[in-house]
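The values are calculated or read from the model by the stated rules, or taken from the named source; none is laboratory data. Keep in mind it's a predicted model, so treat the numbers as computed, not measured. Every residue, glycine as well, gets a Cβ built from its backbone with ideal geometry; the counts of neighbours run over all protein chains shown.
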């Protein structure tokens, strides 16, 4: 008897779930009808690529960590391995703007943790006293137990306040747009805690883990040469190919869900079109706040409703190359919150990715907004552009009028993982398994915000659904 599985959310997580559900059903001869329901008019979620005047502009994520195998595996399965490209090998440097100066990031630095001592000792980012405090990590005793704590508390405890505020926080802002002092280390960088426990020192642990890391022969050559990867024609390549490879999946856009009613072992899904769909299983690849409304009182403390989201914006600016005198000899820079600027980071996109701009042109991508700065949402696009241009003039001396600009507002787009997130998520999943069997949650709100993390969660949700159906 054919089973009907509905996936709510047509972003990368939902599309991956649909793809692997279809694939497993075909391999195991399971008769499935699969439907993806997306509220907006486009599929792909945050992954949206725009081509304009020969520029390739990412409105969402511009790349992914190449060493994370789930997305490499998916790319191979979709026949996209030859489409993968790495960053410009001649633009390896990145910078931190501190005290009105761009400082190169020391070689071997991982979120503020030095794995090579000489470059760290030479950097102007940290004062001599700050370097001495960071070196105390080699002598400080390990923390007892593996209880969760904030990433900021952990880094300050091991390496000191300067490393936290001048390096870790601005770099973290580029990943989560969050506050290091409130974000969970177990949910974001659990291996840091493990290294402290194993080696007694974070610096020693990072150095030894790098020395002992075996080569990953599963990775393609391009991933061995570049930490970050994308596709020749932009990130949309991945979502477009997923859609193309799922002709049997019913993809429905411009359709929202108003209610989910449990009906025995099935679920009645009431759409905003006034239709009702019956599902034998449900994968919810939605923002946590939306899932919370559709699954009220699912856990004792309504934890799902408490996952906070931060709004961010990015502004792409295109220029003639001869209009910019600053040497774009790297991938860009990040800015600590203490500098008091509206701009939080800037990617020198045309230097980072050689395919992103026509010859003789420059593409910059500027970022605004983090957990500590949300007032920007009241600004018009013109005001946003004005503020980032003002900051760019102060930092890089750019006074030229851009050829064009592209503003992307991502309202409540970045989930924040609070302390004890991992434990609360496990509790939530157990509650759903008892109260709402056949419903599985996945997506950026739960186990990683990066594209590879969402791919892995989508695949795991598909595996869990097949296991559930087989009883």
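Would you call residue 96 closer than 23 Å to residue 414 by Cβ, crowded, with 21+ Cβ neighbours inside 10 Å and in contact (Cβ under 8 Å) with a residue 60 or more places away in the chain?
Numbers: closer than 23 Å to residue 414 by Cβ: yes; crowded, with 21+ Cβ neighbours inside 10 Å: yes; in contact (Cβ under 8 Å) with a residue 60 or more places away in the chain: yes.
In short, yes.
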Pick from the stretch 28-59, criterion closer than 30 Å to residue 320 by Cα and assigned to a strand (DSSP E or B), ranking: nearest to the chain's Cα centre (by Cα): 58
Lone unmet requirement of (1) in contact with a helix residue (DSSP H, G or I) (Cβ under 6 Å, 6 or more places away or on another chain); (2) assigned by TED's automatic domain parsing to the domain that holds residue 346 for residue 422: (2)
Members of the stretch 225-246 that are at pLDDT 95 or above and in a loop (DSSP other than H, G, I, E, B): 232, 233, 234, 235, 245, 246
Subset of the stretch 125-157 (residues that are more than 26 Å from residue 450 (Cα to Cα) and assigned to a helix (DSSP H, G or I)): 128, 129, 130, 131, 132, 133, 134, 135, 136, 137, 138, 157
Members of the stretch 103-129 found to be in contact with a helix residue (DSSP H, G or I) (Cβ under 7 Å, 6 or more places away or on another chain), surrounded by fewer than 18 Cβ atoms within 10 Å (Cβ to Cβ) and modelled with pLDDT of 90 or more, listed by number: 121, 127
Residue check for residue 260: touching a helix residue (DSSP H, G or I) at 6+ places or on another chain (Cβ under 8 Å), within 24 Å of residue 298 (Cα to Cα) and outside any loop (DSSP other than H, G, I, E, B): yes
Given (1) exposed (fewer than 15 other Cβ atoms within 10 Å of the Cβ); (2) at pLDDT 90 or above; (3) out of contact with any helix residue (DSSP H, G or I) (no Cβ under 7 Å at 6 or more places or on another chain), number of the condition residue 215 does not satisfy: (2)
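Out of curiosity, is residue 25 touching a strand residue (DSSP E or B) at 6+ places or on another chain (Cβ under 7 Å), part of a helix (DSSP H, G or I) and farther than 30 Å from residue 311 by Cβ? Quick ask: steps written out before the conclusion?
Working: touching a strand residue (DSSP E or B) at 6+ places or on another chain (Cβ under 7 Å): yes; part of a helix (DSSP H, G or I): yes; farther than 30 Å from residue 311 by Cβ: yes.
Here the answer is yes, as residue 25 does meet what is asked.
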Unique match (being part of a helix (DSSP H, G or I) and either closer than 28 Å to residue 189 by Cα or free of Cβ contacts under 8 Å to residues at least 24 places away in the same chain (or both)) among 377, 455, 388, 449: 455
